[in-house]
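Working notes, beginning with the structure itself.
The values are calculated or read from the model by the stated rules, or taken from the named source; none is laboratory data. Quick caveat: nothing in here was measured; it's all calculated off a predicted structure. Reconstructed Cβ throughout: ideal geometry from the backbone, glycine too, with neighbour counts over all protein chains shown.
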Amino acid sequence: MAEILDYFRKERLPHIWCQGCGHGTVTSALVLDFDTLHTAHGRAIAFATGVKHAKPKLKVIVMTGDGDCAAIGGNHFIHAARRNIDITTIVMNNSTYGMTSGQYSPTTPHGMLGTTAPYGNVEFDFDLCELAKAAGATYVARATSFHVTLLQDLIEKALMNKGFSVVEALTQCPTYFGRKNKIGGPVELLNWIKDRTVNVKAAAALPPEKIQGKMLIGELHKVERPEYTATYAEMTTKIQRTFNDYKGGNRGCELNSD
Amino acid sequence: MAETVKLMQGNEACTMGALAAGLEFFAGYPITPSTEIAEMCAEELPKFGGRFIQMEDEIGSISACIGASLTGRKSMTATSGPGFSLMQESIGYACLCEIPVVIVNVQRMGPSTGMPTSPAQQDLMQARWGTHGDHSLIALAPGNVRECYELTFKAFELSEKYRVPVIVLTDEVIGHMREKVVLPDPRSYSIPRRAMPDSPAGYKPYAADPDGGVPLMAPFGQGYRWHCTGLFHDESGAPSGKATVGNTLLRRLDRKIGKNTEALADYYAENMEDCEVAVVSFGSSAMAALSAVRRARKQGLKAGMLRLKTMWPFPDKTVGDLLGRARTVIVPEMNLGQLALEIERVVHCDTEVVKLGKVNGELFHPDEVFNVLKEAF
């Protein structure tokens, strides 16, 4: 236990969000004492790609939200998945832009309210897990801030996967999303999330009408595919063998010493 | 290994200069007229164990470079006008978080898609003021192929020394022009190194002299466990909304570059001592300008040439002093008078500044500069 505590930024606990926010439940990782990088909005995966590609031995985790990952950073998300670069991406999806006070996001369900969707959301929402899978992610899973044990288990499995891994965590935003949509407080919102989900294993045995409109939780996709930085390293090793007598200009490169 | 003599283009020389400076990471997105730099990096970097990646856009490119630089790797990207615009937000991030990164901008005609890919020098102000918020950075402008090598090398030296993004501002002509270049023996110069802390114990990532000091930068993944954020932050790296913290941070960053302005001044001057009419230019426009000045001298006219290599921070005093004797200053540039604005700001109020802007996508002919020069006498 003492060893674990050594990796917490204790002065930053419990978390910085509103009371009852689901993000705090998902992520004690935000206060974990690693090298941490708070990037420009939407660019977390692109910055992480640079970190991982430049120093492949590092374990790289991205904490992101639905707006960050699926809207402004959507391009980086699908391309990181396509490359299958070894980054674990945890998407906290609260179906709204909570930090800017409740505008609709790419994951706000059709018809629901936001400050920029005062008459109900005209658009339709992304299924982020289907998106990640289609784009090439090799581990895709979903849980919620209600299903905490499942969430922990899936994050652990995602971290063990050598490739681009996505864990979507459905979270509650009682302050804006819950209030705007008159769902209630944190508890009611958690129940609302719970009722919208069904475990992927249970779903297999249920008739289609029972899973209509529900979001599947659990491990949704797992495949083996070559990982980007490993493939690149193989290529450089081969090239270096070919050019081992190369007397070019670069004398500063220390990557090989890793 | 001794000097090597090669026929090469400007973009190639930029890449060679970067490799000589120890480039280890390149992320980019294809855009003419800069693409040769990415192509050459893709080919050369794996030979040294370096890393290349073609990102999904220019925003991703600069972001990946910043991420790579945080791990201690020397990083570079190359682009042109539209891509340079896309990079601006993260250039500001690198300024605030003090991440060394080199950005080569091979300028082309704009705004927008413009006239691809004719030469231009329209990003001079964007290089300085493109990102939001007060910030300082460094921009260097090579005037020939050899200088593409030298100034890209220097860009890494300055970027690592001051922990600041450095922009190499070339243009389509410089980038694609081929010249004979004598490259120095790689053992004749030392590779720029980043100043690093000794140990994680008590490490404060942003502890520095408030009067423009440069903090020591620990690479990610070596046990320092520090937090890098685009929010204003205190010495420990923790975000802070305190008025005093933000004020101290921004003023330190401003002084970091500002107090070294004249030391950073780099230029080429010819016949400036006794000149009555001076021509000030940069990049490829300066080639035509120099030819015109030399012709004027042959005809007995007291003309002088000043070609700036350091564009930002703008060397106010150095330029003001050099132009002190001239009664007229002609500023040929492939834009509508961006450098001329700076010249007007630093010369004596009696000095006439002639804006010789050109935006038709063509390079200056020496006659164009010469005719204006002759009229000024």
Response to the item:
For region B:189-213, the count of residues that are farther than 22 Å from A:Ala40 by Cα, away from every other protein chain (no Cβ under 11 Å) and touching a helix residue (DSSP H, G or I) at 6+ places or on another chain (Cβ under 9 Å) equals 7
Worksheet item: Conditions: (1) at pLDDT 95 or above; (2) of a type outside the set (Val, Ile, Thr); (3) over 15 Å from A:Gly22 (Cβ atoms). A:Lys210 meets all but one. Number of the miss?
Response: (1)
Worksheet item: Only one residue in B:Ile99, B:Ile62, B:Ile66, B:Ile103 is touching a residue at least 24 places away in the same chain (Cβ under 8 Å) and facing chain A (nearest Cβ under 7 Å). Which one?
Response: B:Ile66
Discussion item. When you scan region B:297-306, do you find a residue that is among the small types (Gly, Ala, Ser), under 23 Å from the mean Cα position of the chain (by Cα) and in a loop (DSSP other than H, G, I, E, B), even just one?
Written reply: no
Fill in: In region B:313-336, the residues that are in a loop (DSSP other than H, G, I, E, B) and small (Gly, Ala, Ser)
B:Gly324, B:Ala326
Worksheet item: In the set A:Thr89, A:Thr49, which member is buried (at least 22 other Cβ atoms within 10 Å of the Cβ) and closer than 16 Å to A:Ala158 by Cα?
Response: A:Thr89
Fill in: Test result for A:Ile72, modelled with pLDDT of 95 or more and either surrounded by 20 or more Cβ atoms within 10 Å (Cβ to Cβ) or in the same structural domain as A:Lys180 (by TED's automatic domain parsing) (or both)
yes
Practice prompt. Quick one: which residue in A:Lys59, A:Lys55 is surrounded by 23 or more Cβ atoms within 10 Å (Cβ to Cβ), charged (D, E, K, R) and closer than 22 Å to B:Phe26 by Cα?
Written response: A:Lys55
Practice prompt. Give region A:27-46 a look and list any residue that's among the hydroxyl-bearing types (Ser, Thr, Tyr), surrounded by fewer than 24 Cβ atoms within 10 Å (Cβ to Cβ) and either over 23 Å from A:Leu5 (Cβ atoms) or away from chain B (no Cβ under 13 Å) (or both), or say none.
Written response: A:Thr27, A:Ser28
Worksheet item: How about region B:11-44: which of its residues are within 25 Å of A:Ala230 (Cβ to Cβ), out of contact with any helix residue (DSSP H, G or I) (no Cβ under 8 Å at 6 or more places or on another chain) and either among the hydrophobic types (A, V, I, L, M, F, W, C) or not in a helix (DSSP H, G or I) (or both)?
Response: B:Ala38, B:Ala42
Worksheet item: How many residues, within region B:177-194, are touching a residue at least 24 places away in the same chain (Cβ under 8 Å), in contact with an Asp or Glu (Cβ under 9 Å, 6 or more places away or on another chain) and not β-branched (Val, Ile, Thr)?
Response: 7
Practice prompt. Mind listing whichever residues of region B:154-197 are of a type outside the set (Lys, Arg), under 11 Å from the mean Cα position of the chain (by Cα) and in a helix (DSSP H, G or I)?
Written response: B:Ala155, B:Phe156, B:Leu158, B:Ser159
Worksheet item: For region A:160-186, what are the residues that are modelled with pLDDT of 95 or more and surrounded by fewer than 15 Cβ atoms within 10 Å (Cβ to Cβ)?
Response: A:Met160, A:Lys182
Item to complete: Give the number of residues within region A:90-141 that are part of a loop (DSSP other than H, G, I, E, B), small (Gly, Ala, Ser) and closer than 21 Å to A:Ile183 by Cβ.
Response: 7
Worksheet item: Which residues, counting only those in region A:94-110, are closer than 14 Å to A:Gly42 by Cα and buried (at least 21 other Cβ atoms within 10 Å of the Cβ)?
Response: A:Tyr97, A:Ser105
Worksheet item: Among the residues of region B:250-269, is any among the aromatic types (Phe, Trp, Tyr) and within 14 Å of chain A (Cβ to nearest Cβ)?
Response: no
Discussion item. With the requirement that a residue be within 24 Å of A:Thr116 (Cβ to Cβ) and touching a Gly at 6+ places or on another chain (Cβ under 7 Å), what does region A:76-90 give you?
Written reply: A:His76
Fill in: B:Gly49 vs. criteria at positive phi and either in contact (Cβ under 8 Å) with a residue 40 or more places away in the chain or buried (at least 24 other Cβ atoms within 10 Å of the Cβ) (or both)
no
Fill in: Exclusive hit being touching a residue at least 60 places away in the same chain (Cβ under 8 Å), in a helix (DSSP H, G or I) and of a type in the set (A, V, I, L, M), set A:Ala169, A:Ala158
A:Ala158
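Rundown of residues vs (1) surrounded by 15 or more Cβ atoms within 10 Å (Cβ to Cβ); (2) touching a residue at least 60 places away in the same chain (Cβ under 8 Å); (3) at negative phi; (4) in contact with a strand residue (DSSP E or B) (Cβ under 8 Å, 6 or more places away or on another chain), yes/no style:
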| position | (1), (2), (3), (4) |
| --- | --- |
| B:Ser199 | no, no, yes, no |
| B:Lys242 | no, no, yes, no |
| B:Asn271 | yes, no, no, yes |
| B:Ser284 | yes, yes, yes, yes |
Worksheet item: Would you pick out the residues in region B:95-130 that are assigned to a loop (DSSP other than H, G, I, E, B) and either under 15 Å from the mean Cα position of the chain (by Cα) or over 23 Å from B:Glu160 (Cβ atoms) (or both)?
Response: B:Pro100, B:Gly110, B:Pro111, B:Ser112, B:Thr113, B:Gly114, B:Ala120, B:Gln121, B:Gln122, B:Asp123, B:Gly130
Worksheet item: Within the bounds of region B:74-94, is there any residue that is in a loop (DSSP other than H, G, I, E, B), hydrophobic (A, V, I, L, M, F, W, C) and either assigned by TED's automatic domain parsing to the domain that holds B:His176 or crowded, with 23+ Cβ neighbours inside 10 Å (or both)?
Response: no
Response to the item:
Contact list, first residue from region B:16-37 and at positive phi, second anywhere and surrounded by fewer than 23 Cβ atoms within 10 Å (Cβ to Cβ), beta-carbon distance below 7 Å, six or more apart or interchain, is B:Gly22/A:Arg251; B:Gly22/A:Gly252; B:Gly22/A:Cys253; B:Gly22/B:Ile191; B:Gly22/B:Pro192
Discussion item. Among the listed residues A:Gly24, A:Gly20, identify the single one that is at pLDDT below 95, more than 9 Å from chain B (Cβ to nearest Cβ) and at positive phi.
Written reply: A:Gly20
Worksheet item: How many of the residues making up region A:111-154 are surrounded by fewer than 17 Cβ atoms within 10 Å (Cβ to Cβ), within 14 Å of the chain's Cα centre (by Cα) and at pLDDT below 95?
Response: 1
